[in-house]
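Structure record follows, encoded as structure tokens.
Nothing in this text is a laboratory measurement; each read-out follows from the coordinates by a stated rule. All values derive from a computational prediction rather than experimental measurement. Cβ atoms come from the backbone with ideal geometry, glycine included; neighbour counts cover every protein chain shown.
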Amino acid sequence: MGVEVNAQPIRVANIIEDGRLAGPQIRIVMAAVVMNEQVDTTVIMPVDNSEAFQQCCKDGEVEYVTFAISRITKEWSMALRYFFFSFYEIIQIALYLNKNHFDIVHVSGGAWQFKGAIAGRLAGVKVLWHLNDTFMPLFIRRVFAVISHFSDGFIYSSKRSQKYYESLVPTGKPWRVIQAPVDVDRFDPAQYYMGDYELIGKWSGHFVIGTVSNINPIKGLEVFIKAALNVNMSVPNCQFVVVGPVYRSQERYFKSLQKLCRKLGVNNIEFIGGRADVRSLLKCFDVYVCCSHYESSPMSVWEAMAMGTPVVSTDVGDVSLYVKDAYAGYIVNNGDSVGLADKLVSLAGDSRTQVKFGERARDIAANELNVSKCAELHLAAYKMINS
């Protein structure tokens, strides 16, 4: 399904304050590529930690510029930089926006990314704020409630995000719910994918249960480890896999996960680090697990579904609307490691249900979460505030 062609492209500055390549960054590029005839997108990103994001833009032929943009963090040196230099950074972005005559500023990184909204208002450009989480510290929420008045409209990445923020945004502002997209042509179980031969070969003959996740407390990986303990009591030859980078700010949390594995005697979990391409891994997973405490529209879950992998997930974000309990996977209560383990054991002993859930998951991703649909909804949101 294509996007309706406009005579005059809409000029959009898509601003994100975190340069690390993750779901929001990938969504920016994917949507921009599909809309390239209708929307002239320029991505504004930080210099720091954005090498992979820059390459992603280059690969998609999406224009981008880098600025010295500091981000909110617990690292004291970065926090000081944020405090002292944010005003200067906002002015630099505002001057760039004004000089290049953008129609819309799309603030892409969530409620804590204030700079794009302020810069857009200073430059006299309409602002569309994309909210892609379901949890923020109280201080951030209070600041957002004030700065949200600078926005001309909102995109929520899930119905739960919309519900979470509805009391904090000005009444009467237009909004849309747009789920994170998945490229179902790229994530296709019918294709052959190269990579990670040694690991996948080592797991041959095992029941492989995996997750793709940054090592972060919000992702609930301690629940994954506790569930592994219970699964190991019932299912022989299991292999648990965590795919995701360990950022410096999360090294202490990662060590606590390793300590928990040793304490519980769970020695069949591998933390294999981040991967630029996870498709070969997703294809070898028998079940995909999302054990997060908070999510909105988790792209990693949609990618697993597109690969025809049954999902067992905590009830976070809008996952239950698409996985649909006992239809394309199972939904368990947040933090319920016992319930998670029970569902994994059930699937391990029922290959027919695995196949059935996987086929349904693929159909849902292809029909409801594909990138073309996402791009169409983005274009409608741009028109919503640019009319």
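Each Lys and Arg adds +1 at its Cβ and each Asp and Glu adds -1 at its Cβ; summed about the Cα centre, the chain shows a dipole of about 1020 debye. Averaging 1/r over every pair of different alpha carbons in segment 7-120 and inverting the result gives a Kirkwood radius of 14.3 Å. Label sites at Q258 and R186, each approximated as a point 7 angstrom past Cα along Cα to Cβ, lie 3.2 nm apart.
What angle, in degrees between 0 and 90 and rounded to the nearest 10, separates the Cα long axis of helix 23-34 from the longest principal axis of the Cα atoms of the chain? Once rounded, one gets 60 degrees. Since only M136, L199, Q179 are under comparison, the one whose Cα sits farthest along the positive direction of the charge dipole of segment 126-252, derived from C-beta charges on Lys, Arg, Asp and Glu, is M136. Computed over the alpha carbons of the chain, Rg followed by Dmax gives 21.0, 64 Å. Placing +1 on each Lys and Arg Cβ and -1 on each Asp and Glu Cβ, with no other charges, gives segment 197-368 a dipole about its Cα centre of roughly 560 debye. Shown here are the Rg and Dmax of the Cα trace of segment 197-368, at 14.6, 44 Å.
Exposure proxy for W76, W112: other Cβ atoms within 10 Å of each Cβ, ordered fewest to most, give W76, W112.
A helix-only calculation puts the chain at -13500 deg cm²/dmol for mean residue ellipticity at 222 nm, using -39500 (n - 2.57) for each DSSP H run of at least four residues, averaged over all residues.
Here are some pairs, K219/K255; K283/K324; K159/K226; K219/K283; K159/K283; which of them have Cα atoms lying more than 19 Å apart in this structure?
Working: K219/K255 15 Å; K283/K324 21 Å; K159/K226 30 Å; K219/K283 22 Å; K159/K283 29 Å.
Among K219/K255; K283/K324; K159/K226; K219/K283; K159/K283, the Cα-Cα distance tops 19 Å for K283/K324; K159/K226; K219/K283; K159/K283.
Of V319, Y288, F254, which is farthest along the charge dipole of segment 197-368 in the positive direction, counting Lys and Arg as +1 and Asp and Glu as -1 at C-beta? Farthest towards the positive pole: F254. Counting 0.36 nm for each residue step from M194 to E368 and taking away their Cα separation leaves a gain of 59.9 nm.
The long axis of helix 51-60 is offset from the longest Cα principal axis of the chain by roughly 80 degrees. Converting phi to 3J(HN,Hα) with the Karplus coefficients 6.51, -1.76 and 1.60 and the offset θ = phi - 60°, segment 78-84 yields 5, 5, 5, 4, 4, 5, 8 Hz in sequence order, with x at every glycine or proline.
At 0.36 nm per residue, and after removing the present C-alpha to C-alpha distance, how many nm does the segment from K173 to E63 gain when stretched out fully? Intermediate results must be reported in sequence, preceding the final value.
Details: separation 110, 0.36 × 110 = 39.60 nm, distance 2.93 nm.
Contour length minus Cα-Cα distance gives 36.7 nm.
Computed from point charges on the beta carbon alone (+1 for Lys and Arg, -1 for Asp and Glu), the dipole magnitude for segment 3-130 about its Cα centre is near 460 Debye.
Oblate is the label for segment 189-247, because a/c, from the alpha-carbon gyration tensor with a ≥ b ≥ c as root eigenvalues, is 1.5 or above and a/b does not exceed b/c. The long axis of helix 371-386 is offset from the longest Cα principal axis of the chain by roughly 30 degrees.
Candidates Y82, F102, I28 compared by Cα position along the dipole of segment 3-105: farthest toward the positive end lies Y82, with charges placed on Cβ. As a proxy for reagent exposure, ranking D133, D183 by other Cβ atoms within 10 Å from fewest up yields D183, D133. Put a dot 7 Å past the Cα of N98, heading toward its Cβ, do the same for I218, and the two dots end up 3.3 nm apart.
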